[in-house]
1. What is the one condition in (1) touching a strand residue (DSSP E or B) at 6+ places or on another chain (Cβ under 9 Å); (2) surrounded by 16 or more Cβ atoms within 10 Å (Cβ to Cβ); (3) under 19 Å from B:P86 (Cα atoms) that B:Q174 does not satisfy?
2. Only residues that are exposed (fewer than 14 other Cβ atoms within 10 Å of the Cβ) and either within 30 Å of B:D157 (Cβ to Cβ) or acidic (D, E) (or both): list them for segment B:21-31, please.
3. Just need a number here: residues in segment B:164-177 that are assigned to a loop (DSSP other than H, G, I, E, B) and over 21 Å from the mean Cα position of the chain (by Cα).
4. On the basis of being surrounded by fewer than 16 Cβ atoms within 10 Å (Cβ to Cβ), in contact with a Leu (Cβ under 9 Å, 6 or more places away or on another chain) and of a type in the set (A, V, I, L, M), does A:I46 make the cut?
5. Within segment B:32-43, can you find the residues that are buried (at least 17 other Cβ atoms within 10 Å of the Cβ) and over 21 Å from B:A117 (Cβ atoms)?
6. Consider A:G161 carefully, then state whether it is surrounded by 20 or more Cβ atoms within 10 Å (Cβ to Cβ), assigned to a loop (DSSP other than H, G, I, E, B), without any contact (Cβ under 8 Å) to a residue 60 or more places away in the chain and under 14 Å from the mean Cα position of the chain (by Cα).
7. Return a yes/no flag: does segment A:201-220 have any residue that is in contact with a Phe, Trp or Tyr (Cβ under 6 Å, 6 or more places away or on another chain) and either farther than 21 Å from A:D270 by Cα or modelled with pLDDT of 95 or more (or both).
8. With the requirement that a residue be buried (at least 24 other Cβ atoms within 10 Å of the Cβ) and out of contact with any Phe, Trp or Tyr (no Cβ under 7 Å at 6 or more places or on another chain), what does segment B:141-151 give you?
Protein chains: 2
Amino acid sequence: MNTKSLSLGIDIGGTNTAYGLVNRRGEIIAKGSIPTKGHDTVEDYIAALQKELFPLLAKAGIEHIAGAGIGAPNGNFYTGEIIFAPNLPWKGIIPLAKLISEALDIKAVLTNDANAAAIGEMAYGAAKGMKDFIIVTLGTGLGSGFVANGQLIYGHDGLAGELGHVIAVRNGRQCNCGRKGCLERYASATGLVITADLWLDERNDETQLRAHKGKLTARMIQDAARNSDVLALELYEYTAAILGQTLADMVAITSPEAIVFFGGLANAGDMLLVPVKKHMEDNLLNIYKNKVTLLQSALPDADAAILGASALAW
Amino acid sequence: MNTKSLSLGIDIGGTNTAYGLVNRRGEIIAKGSIPTKGHDTVEDYIAALQKELFPLLAKAGIEHIAGAGIGAPNGNFYTGEIIFAPNLPWKGIIPLAKLISEALDIKAVLTNDANAAAIGEMAYGAAKGMKDFIIVTLGTGLGSGFVANGQLIYGHDGLAGELGHVIAVRNGRQCNCGRKGCLERYASATGLVITADLWLDERNDETQLRAHKGKLTARMIQDAARNSDVLALELYEYTAAILGQTLADMVAITSPEAIVFFGGLANAGDMLLVPVKKHMEDNLLNIYKNKVTLLQSALPDADAAILGASALAW
């Protein structure tokens with residue numbers, strides 16, 4: 001057991017990198033952010049991060065820092081590397097945990113952003129005390145973390161938990177990964193907008209979304225649905241159906257106590273979760289019915305990933 | 001750590017119950033079987049089992065017996081109960097671990113048959129030393145056990161690992177479970193025969209299988225395929241395609257080092273595993289390609305379930 005009192009959480013997103021110093025009670029006692037973009041090389045980025053973090057760590061007293069936990073897209077827990085992350089500026093395989101550990105002179109552990117969120121939810125959030133749950137992050141893409149027996153499932157290579165790339169619709173929409181019909185092409189902010197654009201092309205419904213055709217965002221669709229726009233509500237229903245039926249299959253594998261939803265699209269709350277629950281239940285094998293709770297993340301949005309990453313370092 | 005030298009493995013199938021006394025090296029030092037059917041009540045069955053096992057345990061010296069491990073269809077590890085098993089004579093919820101423990105006066109632990117096989121493969125078989133793998137049992141139905149971080153995934157309710165009831169074909173074949181398109185309606189001995197019967201109805205291929213129409217077995221199809229019967233080979237290819245593409249989705253969840261195949265249909269060996277591997281690889285997300293080994297169970301068929309069940313008791 002690590003007896004130091006603080007841990008550094010770093011959440012690397014495609015646009016920004018947020019960081020925070022977190023105590024053992026899960027309170028962020030100092031935080032900040034720098035742009036992820038705009039650094040030509042990963043070394044420049046690490047230098048910028050070092051310049052921000054050194055004074056922070058010095059002020060807290062580096063002897064109190066247990067280490068750094070890092071959440072990043074395509075992060076590999078076992079190797080500490082980022083593996084071909086399409087949404088980050090640096091290509092190929094980046095030994096990020098090692099680079100940050102050397103730059104800050106503290107231990108550093110890395111995992112993918114959804115796994116970090118799962119750890120955060122388990123330590124401080126909606127999944128506190130649970131041993132078997134799934135976290136689904138609904139942002140630009142769809143990320144996931146599966147927890148079984150109280151442990152994150154990393155897989156033999158550290159790359160488990162890619163629910164976004166389970167095939168939801170056989171021979172369906174073309175995905176960035178090169179295959180067709182991946183869940184994240186339907187159930188994510190991007191997927192919701194793709195569906196909306198298709199429907200606006202194909203159909204003649206009267207909808208406030210039509211005015212934004214070609215530059216729609218998931219947020220606009222959420223606002224329209226809150227305004228009872230019929231097409232927007234139907235978009236949620238369609239997205240929820242595909243997500244719910246895929247989740248029903250996942251329940252048959254890990255039989256979780258709960259599924260926790262996190263990220264921009266999940267902020268729609270019941271507007272999304274009520275139909276997801278309905279479609280999941282309709283598709284569940286009998287023995288799993290009425291057992292799985294769907295929850296929205298209980299962590300404040302900007303903090304969850306920092307908390308999750310920081311929890312890795314203990 | 002349990003220091004006793006022997007453990008009793010009991011494998012309860014729909015037709016027969018096999019049992020064996022197993023030492024710490026995984027050697028079965030005595031074994032036998034009784035019919036599962038033909039007992040009107042579970043109490044009669046337990047009495048018959050007791051009559052067989054008491055002398056066996058007495059001869060070995062009951063003080064050396066660590067306990068009994070039981071594998072049974074729809075067995076729940078947490079509760080020790082059999083939950084609504086469609087292929088067993090006793091209906092409803094049966095507290096089997098408790099009944100056997102009381103009858104034999106030893107500790108008893110129960111799990112489902114596929115989980116028992118997974119434990120057997122991990123302790124003594126093809127998955128020895130592995131921490132992340134999947135076992136798929138291809139018999140009358142399709143059972144599965146998922147191992148992550150060296151532990152079986154039981155789920156919050158003890159009922160995880162129902163790969164046979166993941167939807168492989170949306171709105172596909174009617175399953176006994178009441179839903180449509182479950183994997184086991186395609187990839188199992190039963191599924192293979194259903195496909196064959198359908199094709200014999202719909203198509204005019206010349207095939208040695210036609211002579212057996214209406215009373216086909218998976219074994220006949222295997223024999224025909226070994227005889228290079230074109231339709232039989234195509235049946236394997238079709239079954240392998242559906243199994244392979246579903247396994248590709250499962251790899252994205254638990255990222256296993258290997259998938260171990262067990263049971264009657266798996267005895268076809270490469271005739272099945274080579275096309276399953278091909279279709280799985282064709283459908284895998286890039287990061288998982290060429291990493292997952294498909295293996296046939298290395299345990300002698302009749303012993304694997306006994307060994308697996310017995311390993312539970314240590």
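1. Answer for B:Q174: the failing condition is (2).
2. Within segment B:21-31, B:E27 is the sole residue that qualifies.
3. Here the count works out to 5.
4. Criteria not met by A:I46.
5. B:H39, B:V42
6. yes
7. No, every residue in segment A:201-220 fails to be in contact with a Phe, Trp or Tyr (Cβ under 6 Å, 6 or more places away or on another chain) and either farther than 21 Å from A:D270 by Cα or modelled with pLDDT of 95 or more (or both).
8. Answer for segment B:141-151, where residues must be buried (at least 24 other Cβ atoms within 10 Å of the Cβ) and out of contact with any Phe, Trp or Tyr (no Cβ under 7 Å at 6 or more places or on another chain): B:G141, B:L142, B:G143, B:S144, B:G145, B:F146, B:A148.
The values are calculated or read from the model by the stated rules, or taken from the named source; none is laboratory data. Just so it is clear, the structure is predicted and the values come from calculations on it, not from any experiment. Cβ atoms come from the backbone with ideal geometry, glycine included; neighbour counts cover every protein chain shown.
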